[in-house]
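Accompanying notes for the structure given below.
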Amino acid sequence: MASQASSEARAQGTPAHIPALPKLGRTWYKRGALYWLCRVRTTLFLVVLMAVVSFFDLELYNGFTSAWSPTVRTVWNWVTAVVSCAALVWGWVQQRQGHHKALLDPPTPDQTIQAKRDHNRRAPGRAFAGRWMVLLLVPVLPALAAYTVGWLTAWTTVREYPSEVGARRWLQEHPSGT
């Protein structure tokens, strides 16, 4: 057991075991500078990723439509622009609705960790399958990229993730951390 003088001694009112959440670790509990650095790091990574993917999508789209006649290309570009704007809003709304639903029944720390493991297990297969789907979806890639940008933007701008709410509720129900 740690002594009161030890740096390992827990602060007054701090639970014995604070569960670590994916991407946030234990920083979610106090929401201090390290927590916000984790959130900023995730946001900056996603901004760069969205920019690179959007650039790739637009270049692939331009290469695909460059063989079309100027009239058809102009009409299709306007249709794509309108659909992309709608997809951006739709992605935002879909994520916010999912977020509100998840806040009503937030996951426990164990459920959060299991969901992250499941996601990591499925991700390589989906990425491989997605490579071939890109070729089939080239005419609508800007709209898909806009939906993804809207969804990810809404996801990174929430005040609190459902996993944090679930972990706080779990700590209230299990103050000893067991």
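Points to keep in mind about this one:
- When every residue of the range 62-71 is checked against the conditions, none turns out to be free of Cβ contacts under 8 Å to residues at least 40 places away in the same chain, exposed (fewer than 14 other Cβ atoms within 10 Å of the Cβ) and within 27 Å of Thr157 (Cβ to Cβ).
- Restricting the range 95-109 to residues that are surrounded by 14 or more Cβ atoms within 10 Å (Cβ to Cβ) and in a helix (DSSP H, G or I), the residue that is nearest to the chain's Cα centre (by Cα): Gln95
- Checking the range 82-93 against the condition returns no match, with no residue being among the hydroxyl-bearing types (Ser, Thr, Tyr) and free of Cβ contacts under 8 Å to residues at least 60 places away in the same chain.
- From the list Trp132, Trp151, the lone residue that is among the aromatic types (Phe, Trp, Tyr), modelled with pLDDT under 90 and assigned to a helix (DSSP H, G or I) is Trp132.
- Test: residue in the range 43-53 that is free of Cβ contacts under 8 Å to residues at least 60 places away in the same chain, open to solvent by less than 90 Å² (accessible area, probe 1.4 Å), outside any loop (DSSP other than H, G, I, E, B) and touching a Ser or Thr at 6+ places or on another chain (Cβ under 8 Å): no
The values are calculated or read from the model by the stated rules, or taken from the named source; none is laboratory data. Because the structure is predicted, anything quoted here is derived from the model rather than measured. Please note: Cβ atoms are built from the backbone with ideal geometry, for glycine as well, and neighbour counts cover all protein chains shown. Only protein heavy atoms, including side chains, enter the accessible area calculation; ligands, DNA and RNA are left aside. Shrake-Rupley method; radii C 1.70, N 1.55, O 1.52, S 1.80 Å.
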